[in-house]
Amino acid sequence: MPARVLIADASEDMRATLRELLELESNIEVVDETDDGSEVTALIGPLRVDIVLLDIDLSGADAITLTERITTQYPTCGVIITSPAADPERMRAAMQAGASDYLVKPLSGPELTGSIERIYQRLARVKTAVLPGGEEVTLPSKTVSVYSPQGGVGKSMLAVNLGVCLAQESGKNTVLVDLNLQFGDVDLMLNIMPERTIAAIIPRLNQLDADLMESFLTTHPASGLKVLVAPTRPEYADTITVFVVEKILQVLRERYTYIVVDTPSVLQDTTLTALDHSDLILLLTALDLLALHNTKIALEMMQKLRYSEDKVRLVLNRSNADVGISVEDVEEALDYPITAFIPSDGRVAVTSVNEGEPFVLSHPHTQIAQSIRRIAYLVMGREEEFSPEVALEAREESARRARRGILEILFGSAQ
Ligand SMILES: Nc1ncnc2c1ncn2[C@@H]1O[C@H](COP(=O)(O)OP(=O)(O)O)[C@@H](O)[C@H]1O
Ligand SMILES: [Mg+2]
């Protein structure tokens, strides 16, 4: 298979030259080009990019930060930095960020193709080494944390319904991790009876791999969502350290495309670890002054941690509540755009909790369910495909298929 290369370069001429050079090689395929650094990570997964040719002066993102993000998020994707000068400082920074090579422009054909070849072969060895039997890599995977500094604002409601929705509609392996280590409640909200919780991992931590991890997960039968449930007793919480959380998230990435993390409002170190490891943080807020005040502080903290605006998305819950604060007031007060809205629906939300059935399943046609489904499409990077009707049709179609499946099992295949 040819190496799939993405050209990310500020100069149009340079992109054309590189494309010409690379297209001469039968074992290299240029899959796309861009001049916008902010676009690069989003292209890697869908285009199955093996190597990014990254101009150090690309606009839209700092090339070093971008390199670090790519190599962490896509360990089997290589980055070659191209630069107008051999600047030792930047070279060192690039290598530390995980770049595979640093080439100085103007580039010669053999130098460039030689570098791509070498890196591609090395990455191929990494892929087969990590994956027994040389299976296709299931990465990229996406970790999404639902966080709010405020309790009772709807984090678990969002995490549970989002997890179920992703499991159903993406057709990809999806897992929900309850990091409310003292008072986790997603098992109640999903009405599942876990045999084991996150606490059971501790004595087996050294052997923990993707296979062993499965034995700690509980399946939600209606959606196929896997759940790592919080400890049954609050005193176990202390045994779950930052290291444990890191290891769990890392191992889950090997098998799960979507990892949804429900967090407590207290910003303990394990919560911060999850936020650090997340590709996306859904920062949940509400139309009340206390929530807004706390959200502002959380946003400032995340900016200090250098989380990008792409990573931290503000979600307004109970957005239609009539409380004398408008959506515009919120955006202005927080100086941050709101990405998604969830309307208030006490009847549906509360019945759903009481009955242990997520409302995206029990009341799929309601606005509150549709608002979560829209967030799921955003997480999948398929926002443009979202229309409530399409989503419903897809759901009904899969239900029909499921029924047909059962009929076929019962009565033999269709005549
Ligand atoms: N949009 C909403 N409309 C109505 N009730 C909601 C909404 N969001 C959350 N709730 C209710 O608020 C309560 C607290 O939500 P929960 O998800 O447990 O909050 P958190 O996890 O942030 O502490 C639950 O009873 C939930 O059903
Ligand atoms: Mg909660």
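The values are calculated or read from the model by the stated rules, or taken from the named source; none is laboratory data. Here the structure is a predicted model, which is why all the values come from computation and not from measurement. Backbone-built Cβ (ideal geometry, glycine too); neighbour counts: all protein chains shown.
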(request) For segment 362-376, enumerate the residues that are without any contact (Cβ under 8 Å) to a residue 40 or more places away in the chain and touching a helix residue (DSSP H, G or I) at 6+ places or on another chain (Cβ under 8 Å). (result) Ser362, His363, Pro364, His365, Thr366, Ile368, Gln370, Arg374
(message) Any residue that is touching a residue at least 24 places away in the same chain (Cβ under 8 Å), part of a strand (DSSP E or B), away from ligand 1 (no atom under 16 Å from the Cβ) and within 20 Å of the chain's Cα centre (by Cα) - is there at least one of those in segment 233-255?
(response) no
(message) Can you tell me which residue is surrounded by the most Cβ atoms within 10 Å (Cβ to Cβ) among those in segment 66-84 that are polar (S, T, N, Q) and touching a residue at least 40 places away in the same chain (Cβ under 8 Å)?
(response) Thr82
(request) Specify the residue that is surrounded by the most Cβ atoms within 10 Å (Cβ to Cβ); the eligible residues are those in segment 281-321 that are within 14 Å of Tyr336 (Cα to Cα) and of a type in the set (D, E, K, R). (result) Arg313
(request) Run down Ala63, Ala42 and say which single residue is buried (at least 23 other Cβ atoms within 10 Å of the Cβ) and over 18 Å from Ala124 (Cβ atoms). (result) Ala63
(request) Look at segment 354-371 and say how many of its residues are surrounded by fewer than 17 Cβ atoms within 10 Å (Cβ to Cβ) and farther than 23 Å from Leu314 by Cβ. (result) 5
(request) Kindly indicate the residue of segment 137-149 that is more than 16 Å from ligand 2 (Cβ to nearest atom) and among the aliphatic types (A, V, I, L, M) and also modelled with the highest pLDDT among those meeting that condition. (result) Leu139
(request) Check whether at least one residue in segment 294-314 is over 30 Å from Val40 (Cα atoms) and within 15 Å of ligand 1 (Cβ to nearest atom), and report yes or no. (result) yes
(request) Working only within segment 150-172, note down all residues that are more than 10 Å from ligand 2 (Cβ to nearest atom) and under 22 Å from Pro364 (Cβ atoms). (result) Asn161, Leu162, Gly163, Val164, Cys165, Leu166, Ala167, Gln168, Glu169, Ser170, Gly171, Lys172
(message) I'm told Arg400 meets every condition in (1) among the basic types (Lys, Arg); (2) modelled with pLDDT under 80; (3) surrounded by 14 or more Cβ atoms within 10 Å (Cβ to Cβ) except one. Can you identify the failing condition by its number?
(response) (3)
(message) Which numbered condition in (1) closer than 20 Å to Leu316 by Cβ; (2) within 16 Å of ligand 2 (Cβ to nearest atom); (3) without any contact (Cβ under 8 Å) to a residue 24 or more places away in the chain is the only one that His293 fails?
(response) (2)
(request) Specify which of the listed residues (Ala321, Ala291, Ala298) is closer than 27 Å to Gln367 by Cβ, among the aliphatic types (A, V, I, L, M) and in a loop (DSSP other than H, G, I, E, B). (result) Ala321
(request) Quick one: Ser148 ticks every box in (1) more than 16 Å from ligand 1 (Cβ to nearest atom); (2) out of contact with any Asp or Glu (no Cβ under 7 Å at 6 or more places or on another chain) except a single one, so which number is it? (result) (1)
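Can you say whether Leu158 is in contact with a helix residue (DSSP H, G or I) (Cβ under 6 Å, 6 or more places away or on another chain) and either assigned to a helix (DSSP H, G or I) or within 19 Å of Asp345 (Cα to Cα) (or both), as far as the supplied structure shows?
no
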(request) Residue by residue through segment 193-227, note down the ones that are touching a residue at least 40 places away in the same chain (Cβ under 8 Å), touching a Ser or Thr at 6+ places or on another chain (Cβ under 8 Å) and of a type in the set (A, V, I, L, M). (result) Ala199, Ile202, Leu225, Val227
(request) Could you please find all residues in segment 167-198 being exposed (fewer than 15 other Cβ atoms within 10 Å of the Cβ), within 16 Å of ligand 1 (Cβ to nearest atom) and assigned to a loop (DSSP other than H, G, I, E, B)? (result) Phe183, Asn191
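Please work out which residue is farthest from ligand 2 (Cβ to nearest atom), limiting yourself to segment 254-269 and to residues that are crowded, with 21+ Cβ neighbours inside 10 Å and of a type outside the set (D, E, K, R).
Tyr256
Which of the residues spanning segment 1-16 are in contact (Cβ under 8 Å) with a residue 40 or more places away in the chain and of a type outside the set (D, E, K, R)? Reasoning before the result, please.
As a first pass, look at segment 1-16 and keep what is in contact (Cβ under 8 Å) with a residue 40 or more places away in the chain: 3-11, 14.
Listed by number, the residues that qualify are Ala3, Val5, Leu6, Ile7, Ala8, Ala10, Ser11, Met14.
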(message) Looking at Phe216 and the list (1) modelled with pLDDT under 95; (2) more than 16 Å from ligand 2 (Cβ to nearest atom); (3) more than 20 Å from the chain's Cα centre (by Cα), which single condition is not satisfied?
(response) (1)
